Amino acid sequence: MKTSGNTILVTGGGSGIGQALAHRFHDLGNTVIVAGRRMEALQQTIAGRPNMHALAFDADRGDVVEDFARRVTSEHPALNVLINNAGIMRFEALDQQRDLSDAEATVTTNLLGPIRLTNALVEHLGRQPDAALINVTSGLAFVPLVATPTYSATKAAMHSYTVALREALKGMVEVIELVPPAVQTDLTPGQSTREGYLPLDDFIDEVMTLFQRQPTPREILVQRVAFQRNAEAEHRFDEAVTMLNEMARTAREAQT
């Protein structure tokens with residue numbers, strides 16, 4: 001993937017990893033469109049940055065995805081990079097019957113959202129030079145967090161979907177998976193200051209260094225996420241599940 005001269009659409013670009021990616025790619029000389037539900041946050045993201053644009057978009061609403069795709073490609077016909085980053089993370093208890101609204105919302109946002117938007121834009125991307133599609137998954141795709149089971153499951157599904165996309169779009173669109181570990185963002189309450197989580201700036205510094213490699217790795221893996229990504233291949237999966245969940249529980253409890 002070339003890292004400058006692109007027109008890039010970033011979903012969930014109003015905060016956290018999406019906002020940081022948008023800023024760093026803009027710094028490299030790309031036109032960047034950030035999309036999300038909260039226009040106020042998007043406007044803050046683009047403030048003072050020429051060639052950055054904000055578009056309201058609710059990935060949960062399947063009925064508006066194609067209209068959004070038509071609008072963004074009409075206003076930005078050179079669009080050649082899509083970063084599917086928008087996501088939510090909800091804590092759920094599996095040991096009792098519960099209201100499944102959090103689980104259903106997580107599937108809609110984290111799985112159906114990127115599938116729908118990719119579907120709406122894939123033919124446009126396939127016609128563009130230097131086209132790329134980046135799906136932001138998670139280390140939890142490879143070692144799940146018991147407290148966020150549906151989030152972990154949707155990220156595992158997106159990993160599988162990304163592998164399939166890479167094969168289907170070979171020679172037309174470069175498909176890259178960005179796999180964050182636990183990063184200090186506002187994804188969950190208290191996470192932005194949680195001890196032991198990777199500071200956002202450190203994460204993005206390492207990510208952008210990896211994007212500069214040629215050829216671009218098909219998986220963008222910072223060092224911290226290797227513990228999860230390689231757990232099964234290194235025959236330590238069960239140990240990793242226990243360690244990860246104990247570390248996460250301890251970190252959350254330290255904030256209460």
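The values are calculated or read from the model by the stated rules, or taken from the named source; none is laboratory data. As the structure is a prediction and not an experimental result, all values here were calculated from the model. When we count neighbours, we look across all protein chains shown, and the Cβ atoms used for this are built from the backbone with ideal geometry, even at glycine.
Of all residues in region 56-66, exactly one satisfies the criterion of being at pLDDT below 90 and among the hydrophobic types (A, V, I, L, M, F, W, C), namely ALA59. Being under 16 Å from ALA147 (Cβ atoms), of a type in the set (D, E, K, R) and free of Cβ contacts under 8 Å to residues at least 40 places away in the same chain is the filter here, so list the residues in region 84-110 that pass it. Those that are under 16 Å from ALA147 (Cβ atoms), of a type in the set (D, E, K, R) and free of Cβ contacts under 8 Å to residues at least 40 places away in the same chain: ASP95, ARG98.
Which residues, counting only those in region 218-232, are in a loop (DSSP other than H, G, I, E, B) and in contact with a Leu (Cβ under 8 Å, 6 or more places away or on another chain)? Talk me through it step by step, then tell me what you get.
At the first step, the residues of region 218-232 found to be in a loop (DSSP other than H, G, I, E, B) are 218, 221-222, 230-232.
Across region 218-232, the qualifying residues are LEU221, VAL222.
Among the residues examined, ARG70 does not qualify as of a type in the set (Lys, Arg) and under 19 Å from the mean Cα position of the chain (by Cα). Confirm whether VAL163 is of a type in the set (Val, Ile, Thr), closer than 19 Å to GLY113 by Cα, surrounded by 13 or more Cβ atoms within 10 Å (Cβ to Cβ) and touching a helix residue (DSSP H, G or I) at 6+ places or on another chain (Cβ under 7 Å). So VAL163 does not fit the description; no. Please enumerate the residues belonging to region 181-204 that are of a type outside the set (Gly, Ala, Ser), surrounded by 18 or more Cβ atoms within 10 Å (Cβ to Cβ) and closer than 19 Å to GLU246 by Cα. PRO181, VAL183, GLN184, GLN191, ARG194, TYR197, LEU198, listed by residue number. Summed over region 187-206, the residues that are in contact with a strand residue (DSSP E or B) (Cβ under 6 Å, 6 or more places away or on another chain) and in contact (Cβ under 8 Å) with a residue 24 or more places away in the chain give a count of 4.
Among residues of region 132-159 that are closer than 14 Å to GLN228 by Cβ and buried (at least 22 other Cβ atoms within 10 Å of the Cβ), those with a beta-carbon under 8 Å from a residue that is among the acidic types (Asp, Glu) and modelled with pLDDT of 95 or more at least six positions away or on a different chain give the pairs THR137/GLU177; PHE142/GLU232; THR148/GLU92. Considering region 51-66, the residues that are in a helix (DSSP H, G or I) and among the hydrophobic types (A, V, I, L, M, F, W, C) include one that is farthest from PRO129 (Cα to Cα), namely VAL64. Taking the criterion of being part of a loop (DSSP other than H, G, I, E, B) and not acidic (Asp, Glu), the residues of region 95-112 that qualify are GLN96, GLN97, ARG98, LEU100. Restricted to region 218-256, and to residues there that are modelled with pLDDT under 95 and not aliphatic (A, V, I, L, M), the residue that is surrounded by the fewest Cβ atoms within 10 Å (Cβ to Cβ) is THR256.
All of (1) in contact (Cβ under 8 Å) with a residue 40 or more places away in the chain; (2) more than 24 Å from GLY190 (Cα to Cα); (3) of a type outside the set (S, T, N, Q) hold for ARG49 with one exception: (1). Looking at region 67-85, can you tell me whether even one residue there is within 21 Å of MET158 (Cβ to Cβ), at pLDDT below 95 and part of a helix (DSSP H, G or I)? The answer is no, given that none of the residues of region 67-85 is within 21 Å of MET158 (Cβ to Cβ), at pLDDT below 95 and part of a helix (DSSP H, G or I).
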